[in-house]
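Every read-out reported here was derived from the displayed coordinates using simple, explicitly stated rules and does not represent laboratory data. Remember, it's a predicted structure, so these values are computed and weren't measured experimentally. Here the Cβ is made from the backbone with ideal geometry for all residues, glycine too, and neighbour counts use every protein chain on show.
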Amino acid sequence: MSPRGMPVTGSAAAPRHATFAEKFATLTMKAYYLLTVPIAIAFILTSSRIHSAYRMTFFRKLGLGLRMFWNKHRLPTATSFKAHLAMALKILEVAPDVPGDVVECGTWKGGSAANLSLVCRIVGRKLKIYDSFQGLPEGERGDREAKFYAKGDYCGTLGEVRENIARAGAIECCEFVPGWFQDTLPKHSSPVLLAFLDVDLEASLDVCVRHLWPHLIDRGYIFIDEFLRLDYCSLFFSEEYWKRYFQRTPPGLIGGGLGLALGEYYIGPEEERPDHPTQHATAAAYTRKDMSAYWTFYNSGSSGPASDPGSPRS
Ligand SMILES: C[S@@+](CC[C@H](N)C(=O)[O-])C[C@H]1O[C@@H](n2cnc3c(N)ncnc32)[C@H](O)[C@@H]1O
C-alpha cells in the first residue's frame with residue numbers, strides 16, 4: 001500500500017526538510033519497532049491452534065519471524081512483516097490434510113511472496129502468485145483509489161520476482177500466473193486456504209474477491225492490505241455486494257479501518273496521521289468464509305431517521 005496520495009513513481013512536490021520534532025518522532029518509532037521485534041514474533045505466534053504436525057518449537061517460530069523481518073528489510077516490500085506473520089499464523093493453524101493453496105494477488109517485487117513461501121514450505125502447500133508483472137493497470141471510471149496511482153506503479157518483472165524469491169524465500173513452492181486479474185483469475189480452479197489481496201485499486205479488489213471467494217475452503221481467509229481505507233474495506237460489509245454476487249450476508253473484516261492489533265499505536269483517521277507523528281498502523285485486515293457481519297435489530301417503534309442523514313461519501 002502506498003500512503004494516501006503518495007504513489008511510488010515520481011511526484012513533483014518539492015522536498016520539505018523534517019523538523020527536529022518530526023525527526024525525533026521518526027527515531028522513536030524506529031527504536032520501538034526494532035526493540036519489539038522479538039516480542040511481536042512471540043506474541044503473534046503463541047497459539048495453541050498451531051498444528052503439531054509442523055513441529056513449530058519456540059526456536060523455529062523465532063527463526064521464521066526473524067527471517068521474515070530480515071526479508072522485509074532486504075527486499076522491497078509494501079507490507080509489514082507483522083502482516084506476513086499474521087498470515088503465517090493462520091496457515092500454520094490449519095491441519096496438513098485440509099486441502100488448499102495459498103494465493104497472493106499483487107506481488108510487486110515479491111517481498112511478501114518470499115515470506116509467504118517460507119510458511120508454504122513448512123506446511124507443504126503451494127503459493128500461487130498472480131500479477132500483471134507490469135504494475136498497476138489504468139484506473140477505471142468510478143474507482144475511488146485510481147486517483148492515487150498511475151498506470152505501471154508497483155512494477156516488478158517476473159524475472160525480478162523470481163530472483164528475489166529464489167534469494168530470500170522458497171521458490172520451489174511457487175507458481176506464477178502472469179496477466180491481468182480479469183483474464184487469469186476466472187481460470188483459477190484449486191481450493192484456496194488463504195488469499196492475500198494486495199492490489200490497491202477497488203476494481204482489482206472486486207475482481208479478486210468475485211473470482212476467488214467461490215474457491216475459498218469453508219474456513220478459508222482473505223487478507224487485504226488497504227486496511228485504513230474505510231470505503232475500500234466496506235466491500236466486506238456491503239449487503240448489496242454479497243447479496244448480488246454470493247446470495248449471502250457480508251462477511252465483515254477484522255482490522256478494517258485500523259489494521260490488526262499487532263503492537264502499533266494508531267487512532268486515526270488516516271488524513272490526520274501527520275498530526276500524530278508517533279502513531280502508525282502497519283498490519284493487514286482479514287475476513288474468513290464462515291464469518292458474518294449483518295445488522296438485524298430495527299426498533300419496531302422507530303420508522304427511520306428523524307432528519308436528513310446526509311449523502312454518502314463518493
Ligand atoms: C502494492 S503492490 C503489491 C505489494 C506486495 N504485496 C508487497 O507486499 O510488496 C500491488 C500489485 O498489484 C498488481 N495489480 C494490481 N491490479 C492488478 C490487476 N488488475 N491485474 C494484475 N496485477 C494487478 C500490481 O502489478 C502490483 O504488483
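Data table
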item	result
Charge dipole magnitude, Cβ of K and R +1, D and E -1 - segment 121-259, Cα centre, debye nearest 20	500
For segment 65-197, size of Cβ-based charge dipole, Lys and Arg +1, Asp and Glu -1, in debye	400
Counted charge near T79, where neighbours are those whose Cβ lies closer than 10 Å (Asp, Glu -1; Lys, Arg +1)	0
Principal axis dimensions, segment 230-286 - Cα atoms, whole angstrom, descending	43, 21, 11
Around T107: net Lys/Arg minus Asp/Glu count, Cβ-Cβ under 9 Å	-2
Ordering of 274-280, 132-138 by burial proxy (mean other Cβ atoms within 10 Å per residue, highest first)	132-138, 274-280
Formal net charge of residues neighbouring V119 (Cβ-Cβ distance under 10 Å; K, R +1; D, E -1)	+3
Ranked R141, R219, criterion: other C-beta atoms within 10 Å, fewest first	R141, R219
Theoretical ellipticity at 222 nm over the chain - DSSP helices of four or more residues, -39500 (n - 2.57) apiece, nearest 500	-10000 deg cm²/dmol
Full-extension gain in nm, S300 to F24, via 0.36 nm per residue minus C-alpha separation	93.9 nm
For K128, residues with placed amide H under 5 Å, excluding near neighbours	V102, V103, E104, E175
Viscosity 1.567 mPa s, 4 °C: Kirkwood-radius Stokes-Einstein D of the chain over Cα pairs, µm²/s	63
Sequence ranges 115-126, 286-297, 167-178, ranked by mean other-Cβ count within 10 angstrom, highest first	115-126, 167-178, 286-297
